1. Is at least one residue of segment 142-161 open to solvent by 10 Å² or more (accessible area, probe 1.4 Å), touching a strand residue (DSSP E or B) at 6+ places or on another chain (Cβ under 8 Å) and more than 16 Å from the ligand (Cβ to nearest atom)?
2. For residues that are surrounded by 19 or more Cβ atoms within 10 Å (Cβ to Cβ) and more than 23 Å from Lys157 (Cα to Cα), scanning just segment 274-289, find the one that is farthest from the ligand (Cβ to nearest atom).
3. Considering only segment 32-53, I want to know if a residue exists there that is under 22 Å from the mean Cα position of the chain (by Cα), among the aromatic types (Phe, Trp, Tyr), within 16 Å of the ligand (Cβ to nearest atom) and open to solvent by less than 40 Å² (accessible area, probe 1.4 Å).
4. Among the listed residues Phe69, Phe35, which satisfies the condition of being closer than 26 Å to Asn102 by Cα, in the same structural domain as Ile108 (by TED's automatic domain parsing) and not aliphatic (A, V, I, L, M)?
5. Looking at Leu193, Leu252, which is the one that is among the aliphatic types (A, V, I, L, M) and either in contact with a Phe, Trp or Tyr (Cβ under 8 Å, 6 or more places away or on another chain) or more than 24 Å from Asp137 (Cα to Cα) (or both)?
6. When only residues in segment 247-273 that are farther than 17 Å from Val165 by Cα and out of contact with any helix residue (DSSP H, G or I) (no Cβ under 9 Å at 6 or more places or on another chain) count, which is least open to solvent (accessible area, probe 1.4 Å)?
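The values are calculated or read from the model by the stated rules, or taken from the named source; none is laboratory data. This one's a predicted model, so the numbers in the text were calculated from it and none came from an experiment. Note that we place each Cβ from the backbone using ideal geometry, even for glycine, and neighbour counts take in every protein chain shown. These accessible areas exclude ligands, DNA and RNA; they are computed on the full protein's heavy atoms, side chains included. Shrake-Rupley method; radii C 1.70, N 1.55, O 1.52, S 1.80 Å.
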Amino acid sequence: MSKTETFKWNRKHLLGLMELSRQEIEYILDTAEGFREISTRSIKKAPPLRGKVVVNLFFEDSTRTRNSFTLAAERLSADVMQFSTKFSSVSKGETLLDTAKNLEAMGIDIVVIRHSAGGTAKLLSRTLNCAVVNAGDGYGEHPTQGLLDAFTIRQIKGSLEGLEVAIVGDIAHSRVARSNIWALTKLGANVTLVGPPTLMPPAVKQLPVKVSYSLDDVIDKVDVVNMLRIQFERLGSNPFPSIREYSHYFGLTLDRMKKAKPDIIVMHPGPINRGVEMESEVADGKNSVILKQVENGLAVRMAVLYLVNQASQELRNK
Ligand code: CP
């Protein structure tokens with residue numbers, strides 16, 4: 001019997017990875033592995049969410065996550081509603097909860113929510129009856145990004161057990177960093193956060209990670225380097241003297257890559273500030289798996305939508 005056959009998924013919401021066990025994370029990744037095949041068919045569709053409605057409730061911009069969730073829901077035959085603040089009554093002052101409750105009144109089954117405020121997905125999960133998936137909440141979590149990153153590393157390396165992973169850059173403002181930390185450490189990787197002290201979160205000592213303030217000290221030791229975007233839109237005061245100086249110390253350059261292991265995996269959640277976090281030659285180079293991350297995000301999001309819908313239906317039938 002495979003390990004997935006012995007486990008029963010029972011979460012109606014996916015809010016973050018901190019609360020998930022290793023077994024739950026592995027179950028999502030194994031389920032995603034099964035869904036990869038659908039995207040290779042000539043007719044890229046399967047019926048699990050037929051008759052279900054998924055709403056993408058995005059209060060922040062997105063290219064990858066929104067489109068990936070849309071495609072994932074459509075591949076599983078769901079109807080998908082798109083919400084964005086620009087074309088909604090939020091511009092007239094309607095609140096998040098009123099917006100969500102009105103959409104739920106139309107008979108939706110899953111809300112995929114992105115919002116600039118931490119805890120928004122949790123708030124909706126306590127307010128709505130439908131399933132809720134967090135697509136990024138402020139500095140909180142971005143669980144499907146953490147899952148697709150773990151999936152991509154596992155796909156290439158076979159296992160995360162004992163791998164050395166550096167997460168580099170703007171850790172303080174990064175929900176991607178938080179979800180990565182939980183996913184990767186629960187799956188057995190050793191994580192080092194790398195960046196200037198001003199971009200480390202205040203509670204970094206409480207996280208299951210090591211900290212380094214020098215990319216040069218760690219680049220030759222790691223199996224995976226995940227370069228984070230500088231979140232210029234979230235920076236209050238200047239955390240470093242200039243972009244040029246930041247790139248000099250923390251940018252992934254071809255020169256730094258010469259010191260890295262030949263089979264190092266180079267990751268970035270996107271969007272990339274080319275020339276800031278990494279040089280274009282590295283972003284597009286042979287060690288980069290950035291587009292593989294995007295590709296895998298689709299299967300991971302199919303798995304998440306499938307699993308939360310299944311749990312939601314079972315709870316309703318009880
Ligand atoms: N990685 C990520 O969340 O990208 P988007 O902001 O484009 O969704």
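1. Checked segment 142-161: at least one residue is open to solvent by 10 Å² or more (accessible area, probe 1.4 Å), touching a strand residue (DSSP E or B) at 6+ places or on another chain (Cβ under 8 Å) and more than 16 Å from the ligand (Cβ to nearest atom).
2. For segment 274-289, the residue satisfying everything is Glu279.
3. The answer is no; no qualifying residue exists.
4. It is Phe69.
5. Matching residue, one of Leu193, Leu252: Leu252.
6. Ser247
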